[in-house]
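See structure below.
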Amino acid sequence: MRISFDEAQKTLARTLVKHGCGQDQAQKVALEMARNSLEGGYTHGINRFARLVRNMDEGIVIPGVSPVKMAGFGAIENYDGGMGMGVTNAWFCMARAIELARMHGLGLIALRNTNHWMRAATYGYQACEAGMAGICFTNTIPNMPAWGASDSRMGNNPLVFAFPRKAGPVVVDMAMSQFSYGALEVARLAGKEMPIDAGFDSRGRLTRDPGEVLASQRILPTGYWKGAALSLALDLFAGCMSLGNTVSQVGRLPGDEHGVSQVFMAIDFNRIAPAEQAEQTAQNAIDDLLGSTPAQAGTRIVYPGERMMEIRRENLEKGIPVDDTVWRQILELD
C-alpha cells in the first residue's frame with residue numbers, strides 16, 4: 001500500500017502524543033521518520049515506528065528530555081542524552097556541532113546515554129543544509145561477530161560522511177556490516193535473497209538467505225576483517241569521548257537496545273577552501289565517476305546519495321510504500 005507523506009506524518013505525530021510525547025517533539029520525530037521512508041530509508045522510518053512506541057511505553061525511551069552538557073573545550077563538547085528520543089537528541093547535537101564549527105571551523109559533539117537515531121544520513125544532510133561537511137557515527141548492541149569469531153561482540157556501528165554540493169550532496173550512510181538488520185528484514189518480508197553473501201547460517205556457512213542470517217544473528221562485517229576493525233575503532237571513539245557505553249556495555253543493559261554513544265562532527269571547510277573552488281573540485285570528481293563504463297548493459301553508475309532525490313520525487317507523487325502489516329500495527333497504536 002502507499003500512504004501520502006502528509007498522512008504518514010500526521011498519524012505518527014498523533015500516536016506519539018498519545019503515548020506521552022510533547023507536541024513539538026512529536027512533530028519533529030514524526031517528520032523525520034516519515035521523511036526517512038519518503039526518501040527511501042524504509043527500515044529506519046515508518047517500519048521502525050511501532051518499535052519506538054513500544055520502547056517509550058517500556059520506559060527505555062524517555063520523551064521530553066534534552067541533552068545536558070557535561071564538559072567542553074574549544075570546538076569539542078560532550079553531552080548526556082538522558083535516554084531521550086534518539087532523533088531529537090541527535091538533531092540537537094549536530095546543530096550544536098554546526099554552531100561550534102561557525103566559531104572554530106570545526107565542531108565535535110560526543111553524546112552518551114541516548115537512543116536509536118533512526119536514519120543515520122539525516123544528520124549528514126543536516127550539516128550539508130548548513131553548507132558544511134558532516135561526519136557522524138553511533139555504536140549499537142552487540143550484533144556482529146569479530147572476524148573469525150562465532151559469537152557477536154561487535155556492533156554494526158553506522159557511519160556517515162556527507163559533503164554539500166549545489167547539484168546535490170554526496171552522502172555515504174553505511175553500517176559496518178555488509179547489510180543492516182533492517183535491510184535483511186525487508187528482504188525477508190519480500191521473500192528475496194540478498195545480492196551477495198550477507199552473513200552466516202546456523203552451521204557457520206556464508207549465506208544470502210536473510211532469514212538464515214536473522215536467525216543466526218551472525219551478519220557479515222563489511223570488507224570482512226576491515227569492517228570488524230573499523231567497528232571497534234568507532235566504538236572506542238564514541239564510548240571514550242562521551243564517557244558513555246561501549247558496545248559490550250550496551251549489550252549488558254536489560255531490554256531492547258538503548259543507552260548508545262554517538263559522535264557528531266561539522267566542518268566549515270569554506271574557511272580554508274573557497275566555495276567555488278571546492279564546488280568545482282567536487283564536480284570534477286563526480287563527473288569522472290559518472291563517466292565509468294557500466295559492467296552490465298542497461299545499468300548506470302550513481303554517486304552515494306544520488307538516488308535519494310529520485311525516490312523522494314516518486315514517493316511524493318505516488319505515496320510512500322508501506323507494508324500493510326506495518327501500517328496496521330501503527331493504526332492499532334493510535
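The values are calculated or read from the model by the stated rules, or taken from the named source; none is laboratory data. Keep in mind the model is a prediction, meaning the values are calculated, not measured. Note that each Cβ is placed from the backbone with ideal geometry, even for glycine, and that neighbours are counted across all protein chains shown. What goes into the accessible areas is simple: the full protein's heavy atoms, side chains included, and nothing from ligands, DNA or RNA. Shrake-Rupley method; radii C 1.70, N 1.55, O 1.52, S 1.80 Å.
Yes/no per residue for (1) in contact with a helix residue (DSSP H, G or I) (Cβ under 6 Å, 6 or more places away or on another chain); (2) aliphatic (A, V, I, L, M); (3) buried (at least 21 other Cβ atoms within 10 Å of the Cβ); (4) touching a residue at least 24 places away in the same chain (Cβ under 8 Å):
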{"position": "Gly131", "(1), (2), (3), (4)": "no, no, no, yes"}
{"position": "Thr140", "(1), (2), (3), (4)": "no, no, yes, yes"}
{"position": "Pro145", "(1), (2), (3), (4)": "no, no, yes, yes"}
{"position": "Asn156", "(1), (2), (3), (4)": "no, no, yes, yes"}
{"position": "Pro169", "(1), (2), (3), (4)": "yes, no, yes, yes"}
{"position": "Gln178", "(1), (2), (3), (4)": "no, no, yes, yes"}
{"position": "Lys192", "(1), (2), (3), (4)": "no, no, no, no"}
(Q) What's the total number of residues in region 239-266 that are in contact with a Gly (Cβ under 9 Å, 6 or more places away or on another chain), open to solvent by less than 50 Å² (accessible area, probe 1.4 Å) and of a type in the set (A, V, I, L, M, F, W, C)? (A) 6
Q. Under 7 Å by Cβ, and 6 or more places apart or on different chains, what pairs join a residue from region 224-243 that is on the phi > 0 side of the Ramachandran plot with one that is buried (at least 22 other Cβ atoms within 10 Å of the Cβ) and not acidic (Asp, Glu)?
A. Leu243/Asn78; Leu243/Arg112
Q.
Pairs needed: first member in region 65-78, of a type in the set (S, T, N, Q); second member anywhere, in a loop (DSSP other than H, G, I, E, B) and open to solvent by less than 80 Å² (accessible area, probe 1.4 Å); C-beta distance under 9 Å; at least 6 residues apart or different chains.
A. Ser66/Gly81; Ser66/Gly82; Ser66/Gly84; Asn78/Gly244
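Identify all residues within region 66-75 that are touching a helix residue (DSSP H, G or I) at 6+ places or on another chain (Cβ under 8 Å) and under 17 Å from Asn89 (Cα atoms); write none if there are none.
From region 66-75, those touching a helix residue (DSSP H, G or I) at 6+ places or on another chain (Cβ under 8 Å) are 66-67, 74-75; that's our starting set.
Within region 66-75, Ser66, Pro67 qualify.
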Q) Checking Asn113 against (1) in a strand (DSSP E or B); (2) on the phi < 0 side of the Ramachandran plot, which test does it fail? A) (2)
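Being at pLDDT 95 or above and outside any helix (DSSP H, G or I) is the filter here; which residues of region 223-254 pass it? Break it down into steps so the answer makes sense when it comes.
Going residue by residue through region 223-254, those that are at pLDDT 95 or above are 225-254.
Within region 223-254, Leu243, Gly244, Asn245, Thr246, Leu253, Pro254 meet the criteria.
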Q) Only one of Ile46, Ile109, Ile98, Ile62 is under 21 Å from Thr246 (Cα atoms) and touching a residue at least 40 places away in the same chain (Cβ under 8 Å); which? A) Ile109
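Can you list the helices (runs of 4 or more DSSP H) lying wholly within region 1-99 that have 1 or more residues being touching a His at 6+ places or on another chain (Cβ under 6 Å) and surrounded by fewer than 20 Cβ atoms within 10 Å (Cβ to Cβ)?
Once the helices (runs of 4 or more DSSP H) in region 1-99 are filtered for at least 1 residues that are touching a His at 6+ places or on another chain (Cβ under 6 Å) and surrounded by fewer than 20 Cβ atoms within 10 Å (Cβ to Cβ), what remains is 49-58.
Do the conditions hold for Met33, that is, is it touching a residue at least 40 places away in the same chain (Cβ under 8 Å) and under 19 Å from Leu331 (Cα atoms)?
Judged against the criteria, Met33 is a match.
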**Q.** Single residue of region 200-217 satisfying the filter (open to solvent by 40 Å² or more (accessible area, probe 1.4 Å) and either free of Cβ contacts under 8 Å to residues at least 24 places away in the same chain or of a type in the set (Lys, Arg) (or both)) that is nearest to Pro142 (Cα to Cα)
**A.** Ala215
